[in-house]
Amino acid sequence: MEIIQQWWLAVVFGVLPLLVWLFWSWNELRFITPHRAHHSGSNKLPPGSMGLPFVGEMLTFLWYFKIVGQPDEFIESKRRRYGDGVGMYRTHLFGSPAIIGCSPAFNKFVFQSHDLFPLKWPSIELLGHNSLVGVSGKPHTRLRTYVTNAINKPDALRKVCKMVQPQIVSSLRSWVDKGKVKALVEVKKVTFENIGNMFVSFKPGPKLDMLDKLFIGLVGGVRAQPSNIPGTAYYHAVQCRKKLTAVFRKELEKRKLTSNLVSEEKNDLMEGLMNMRDEEGKILGDEEVLDNIVSLVIAGYESTSLASTMALYYIAKSPHVLEKLREENMALARKDEFITSEKLALLKYTNKVVDETIRMANIAPFIFRYAKDDVKYQGHKIPKDWRIILWIRYLHTDPNNFNDPMNFNPDRWDVPAKPGTYQVFGGGPRICPGNMLAKIQIAIFIHHLVTGYKWELINPDAKMMYLPHPKPVDGVEISFSTI
Ligand code: HEM
């Protein structure tokens, strides 16, 4: 009896606390011990916590992003606990030990040291090995020239401006007939119709609807665990990608066959990429054209539709902004005429609304890299193979960078943002090559919206969800009519 009692006492006061301690410290011991010899002096790891075994700080992340809906508290709580330091914290997130970057200076260091911090997408099979995100170094620079020339330069934007307006105008008219719409669903529809037209000259119809479904399936797998097992989102995405590539390949082959015949000019992205030559006169290979079309749709579809919808949402909540927008846009609007990209550039206030929308919307909250080797930054060590998570959303919501950051205030753009605090499109050699394309599409959408229509949010207090992208849970339901 006595022996049993002693045994229990040993378990309760000895083994159990040891197990609890081991559980809490497991990740620290596992990931920090290898660096312990240097984890001091000028070579210490950044402050932070490695969280629990296996999940790291994932539960805390989900708590702030999913449960309480205060995403910025994730970094704020670290700031309170560990101080500002050098703008980085160690953590374990998304299945890997990681360094979080949340200061303009550290983020700039990472963006500019692209050899030390390359990009590695786990789902590159879905995005395409020959796409912009699949290559680095010189091949990346070469490919970027093709892509930016095809989608982001003034000539390309002039064409885009002409191409997208008929669809936007007819879509907005159809919203009036419906009276009430879910803005996000409708904006996505028109954005995809425009992408179909701009990228491959496919017109609205069953074929485009089928492509839309395939793209939704493909995007669903990009953030999923890359295990190609039937039944998983990733497997479904791989199947969708195969079908999409087959459709685009058929179109490419058709164009190559007819390229010597006199045929109508398509003036779309596929034609642009097929015909573009570099300084040595070389053209892109078929796989490069196909992979880039698919990955540009992935990068540009959801981002642009969400940003346009959020513009409509913020404007609905700010009547004084709407008033100013109307005044500026009405002055330039001509009946039965589409606005040109040159005129859009003159809409100073509208462009401020676009910048403010993209800041507040935080469509891309993080940017991922990894450390190719051990790297030292301001007396701290960034261990080899650790993930780097640039928490750009925090830059845009930090009151040190933007006064009263949660207030939608386009006038703040009367003065430019402090250097390095506005990183909505990333930075360095991988800065978003579709930034001007996105901005012009949002500005065109706002132009037609404010010059012809009025709308009200049906659920102005709808909760926000933050994963995978921030948006109101009701998909921005509105009542809609002409002015
Ligand atoms: C509001 C809309 C958009 C936002 C907020 C956005 C944001 C970003 C960000 C933050 C990056 C940098 C990722 C990194 O450094 O790893 C990026 C890269 C990229 N974006 Fe965008 N983007 C938008 C629209 C577009 C559009 C319309 C396109 C093209 C149709 C596009 C194509 C790309 C591509 C291809 C990359 C990869 C660039 C590279 O690796 O060189 N994006 N975007």
Rank LEU93, LEU116 by accessible area, highest first, at a 1.4 Å probe radius? LEU116, LEU93
Using only alpha carbon pairs under 8 Å that are at least six residues apart, calculate the relative contact order of the chain and give it in whole percent. 22 percent
Which of the three applies to segment 27-128, rounded, prolate or oblate, going by the alpha-carbon gyration tensor with a ≥ b ≥ c and a/c under 1.5 meaning rounded? rounded
Rounded to the nearest 10 Å², the 1.4 Å probe accessible area of LEU45 is 10 Å²
Is the shape of the chain best called rounded, prolate or oblate, per the rule: a/c under 1.5 gives rounded, else a/b larger than b/c gives prolate, else oblate, with a ≥ b ≥ c the square roots of the Cα gyration tensor eigenvalues? prolate
Using the alpha-carbon atoms, what tilt in degrees (0 to 90, nearest 10) does helix 16-32 show relative to the longest principal axis of the chain? 50 degrees
Under a straight-distance cross-link criterion of Cα-Cα below 27 Å, which lysines are reachable from LYS243, leaving out those fewer than 8 residues away in the same chain? LYS120, LYS188, LYS189, LYS203, LYS207, LYS213, LYS254, LYS256, LYS266
With a 1.4 Å probe and every protein chain kept in, tell me what percent of the accessible surface of the chain is carbon plus sulfur. 59 percent
If you stretched the chain out fully between LYS44 and THR340, how much longer would it get, using 0.36 nm times the residue separation minus the C-alpha to C-alpha distance? 101.1 nm
To the nearest 10 square angstrom, how much accessible area does ARG387 have with a 1.4 angstrom probe? 60 Å²
Sorted by chain and number, the residues with a modelled amide H under 5 Å from that of GLU477, at a separation of 5 or more or across chains, are ALA183, ILE458, ASN459
Provide the solvent-accessible area of VAL415, counting protein heavy atoms only and rolling a 1.4 Å probe, rounded to the nearest 10 Å². 100 Å²
Contact order relative to length for segment 1-153, counting C-alpha pairs under 8 Å separated by 6 or more residues, stands in percent at 15 percent
Under 5 Å, built H, 5+ apart or other chain: amide partners of SER49: ARG90
Give a residue-ordered list of calculated ³J(HN,Hα) values for segment 128-145 (Karplus: 6.51 cos²θ - 1.76 cosθ + 1.60, θ = phi - 60°; whole Hz; x for Gly, Pro). x, 5, 9, 7, 4, 6, x, 10, 9, x, 4, x, 5, 4, 4, 5, 4, 4
If I fit a long axis through the Cα atoms of helix 286-316 and take the longest principal axis of the Cα atoms of the chain, what angle between them do I get, 0 to 90°, rounded to 10? 90 degrees
Between rounded, prolate and oblate, where does segment 390-433 land on the alpha carbon gyration tensor, with a ≥ b ≥ c its root eigenvalues, rounded for a/c under 1.5, else prolate if a/b exceeds b/c? prolate
Dipole of the chain, Cα-centred, from +1 at each Lys and Arg C-beta and -1 at each Asp and Glu C-beta, to the nearest 20 debye? 380 debye
What percent antiparallel are the DSSP beta bridges of the chain, to the nearest 5? 80 percent
Any lysines with Cα under 17 Å of the LYS348 Cα? List them, leaving off those in the same chain fewer than 8 positions away. LYS324, LYS439
At 222 nm, what helix-only mean residue ellipticity would the chain give, in deg cm²/dmol to the nearest 500, using -39500 (n - 2.57) for each DSSP H run of four or more? -16500 deg cm²/dmol
Can you list the HN-Hα couplings for segment 348-361, worked out from phi with the Karplus curve (6.51, -1.76, 1.60; θ = phi - 60°), rounded to whole Hz and with x for Gly and Pro? 4, 5, 4, 5, 5, 4, 4, 4, 5, 4, 5, 5, 6, 6
Determine ³J(HN,Hα), in whole Hz, for all residues of segment 371-385 in sequence, where each value follows from phi through the Karplus function 6.51 cos²θ - 1.76 cosθ + 1.60 and θ = phi - 60°; x replaces Gly and Pro. 8, 6, 8, 5, 10, 9, 9, 6, x, 10, 9, 10, x, 3, 6
Computed FRET value (nearest 0.05) for ASN228 with ASN400, which takes r as the C-beta separation and R₀ as 60 Å: 0.85
Can you tell me the orientation of helix 319-332 relative to the chain, as the angle in degrees between its alpha-carbon axis and the longest Cα principal axis, to the nearest 10? 30 degrees
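The values are calculated or read from the model by the stated rules, or taken from the named source; none is laboratory data. All values derive from a computational prediction rather than experimental measurement. Cβ coordinates were reconstructed from backbone atoms using ideal geometry, including for glycine residues, and neighbour counts include every protein chain displayed. The protein model used for the area step is the full one, side chains on, heavy atoms only, and it has no ligands, DNA or RNA in it. Shrake-Rupley method; radii C 1.70, N 1.55, O 1.52, S 1.80 Å.
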